[in-house]
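Down below is the structure, laid out as structure tokens.
The values are calculated or read from the model by the stated rules, or taken from the named source; none is laboratory data. Quick caveat: nothing in here was measured; it's all calculated off a predicted structure. With ideal geometry, Cβ positions are generated from the backbone for all residues, glycine too; neighbour counts draw on all protein chains shown. Accessible surface is based on the protein model in full, side chains and every heavy atom, while ligands, DNA and RNA are left aside. Shrake-Rupley method; radii C 1.70, N 1.55, O 1.52, S 1.80 Å.
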Amino acid sequence: MIRLGVLASGSGTNLQAILDACAAHRIDAEVAVVVSNVPGAGALERARHAGVAAEVVPSKGAPDREAYDLGLVERLRTHRVDLVCLAGYMRLVTPAFLRAFGPTPATRGCPRVLNIHPGLLPAFPGLHAHRQCLAYGARFTGCTVHFVDEGTDTGPIVIQAVVPVLPEDTEETLAARVLAEEHRLYPQAIHWFAQGRLSLDGRRVRIDGVRPAEAAAIANPQVD
Ligand code: GRF
């Protein structure tokens with residue numbers, strides 16, 4: 001059973017999906033700690049409700065981003081975290097953070113930081129992915145679970161789900177449909193990581209025992 005550290009700045013619905021999947025033993029993991037940079041974040045309340053340690057590391061007062069991240073690393077290490085999951089975490093992590101959670105022999109080349117992005121990367125990275133998607137006029141969007149590297153949403157992709165864009169969609173309606181897929185996808189990716197089934201080959205993430213067509217079907221069960 002691996003120990004997760006979840007970083008969240010907002011309401012924490014992805015955190016909730018992870019907590020629920022752990023509680024139902026759908027993933028071989030437990031959430032060891034939830035850390036937020038935002039004192040009133042809903043994610044903290046969800047953690048407490050689940051009996052999980054909830055900590056605030058306020059960004060005010062940290063001399064720079066690296067010092068802030070080293071403070072985070074210290075908190076995560078205290079809770080013996082094996083994998084860090086960014087879940088609506090609204091800060092970019094620094095190289096110092098990524099070095100602290102780099103690959104180990106057990107992770108077979110995979111870094112130990114995952115993120116979920118509400119878009120089909122590499123399209124529409126960064127903030128306001130749904131706004132970018134609607135402004136562009138894309139017919140499809142979705143969500144992506146990826147390992148984190150030093151860029152903005154540029155790390156190796158684990159799994160993606162596709163969501164059609166409807167003519168009447170607003171940012172809010174699109175976000176809601178994508179979010180439902182996020183809640184399905186993130187626990188799945190964490191489960192594969194926890195089972196030691198992920199490995200990195202260049203930029204490509206391999207999933208032991210899952211053929212590419214199967215992975216696509218798991219990600220997109222609505223498509224025949
Ligand atoms: C999600 O759409 C996630 O992909 C993005 O921020 C949102 C967070 O939502 N990075 P929540 O806090 O998990 O509800």
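Odds and ends about this structure:
- The residues in the range 88-122 that are under 18 Å from residue 182 (Cβ atoms) and either part of a loop (DSSP other than H, G, I, E, B) or more than 16 Å from the ligand (Cβ to nearest atom) (or both) can be counted, and the count is 8.
- Subset of the range 178-215 that is open to solvent by less than 50 Å² (accessible area, probe 1.4 Å) and either in contact with a Ser or Thr (Cβ under 7 Å, 6 or more places away or on another chain) or at pLDDT below 85 (or both) - its residue that is nearest to residue 107 (Cα to Cα): 215
- Residues in the range 83-120 that are open to solvent by 60 Å² or more (accessible area, probe 1.4 Å) and touching a strand residue (DSSP E or B) at 6+ places or on another chain (Cβ under 9 Å): 103, 108.
- Verdict on residue 66 being among the acidic types (Asp, Glu) and within 14 Å of the ligand (Cβ to nearest atom): no
- Of the residues making up the range 126-134, at least one is hydrophobic (A, V, I, L, M, F, W, C), in contact (Cβ under 8 Å) with a residue 24 or more places away in the chain and in a helix (DSSP H, G or I).
- From 48, 3, residue being within 16 Å of the ligand (Cβ to nearest atom) and among the basic types (Lys, Arg): 48
- Of all residues in the range 156-177, those satisfying the criterion of being in contact with a Phe, Trp or Tyr (Cβ under 9 Å, 6 or more places away or on another chain), crowded, with 17+ Cβ neighbours inside 10 Å and assigned to a strand (DSSP E or B) are 157, 158, 159, 163.
- Candidates in the range 30-50 are the residues that are in contact with a Cys (Cβ under 9 Å, 6 or more places away or on another chain) and part of a strand (DSSP E or B); of these, the one that is farthest from residue 76 (Cα to Cα) is 30.
- Among all positions in the range 61-78, there is at least one residue which is open to solvent by less than 70 Å² (accessible area, probe 1.4 Å), part of a loop (DSSP other than H, G, I, E, B) and either of a type in the set (Phe, Trp, Tyr) or over 24 Å from residue 28 (Cα atoms) (or both).
- Among the residues making up the range 6-39, those that are within 12 Å of the chain's Cα centre (by Cα) and either under 14 Å from residue 50 (Cβ atoms) or surrounded by fewer than 16 Cβ atoms within 10 Å (Cβ to Cβ) (or both) are 6, 8, 12, 13, 14, 15, 17, 18.
- Each residue in the range 123-145 was checked for being in contact with a His (Cβ under 9 Å, 6 or more places away or on another chain), open to solvent by less than 30 Å² (accessible area, probe 1.4 Å) and away from the ligand (no atom under 11 Å from the Cβ), and 1 of them qualify.
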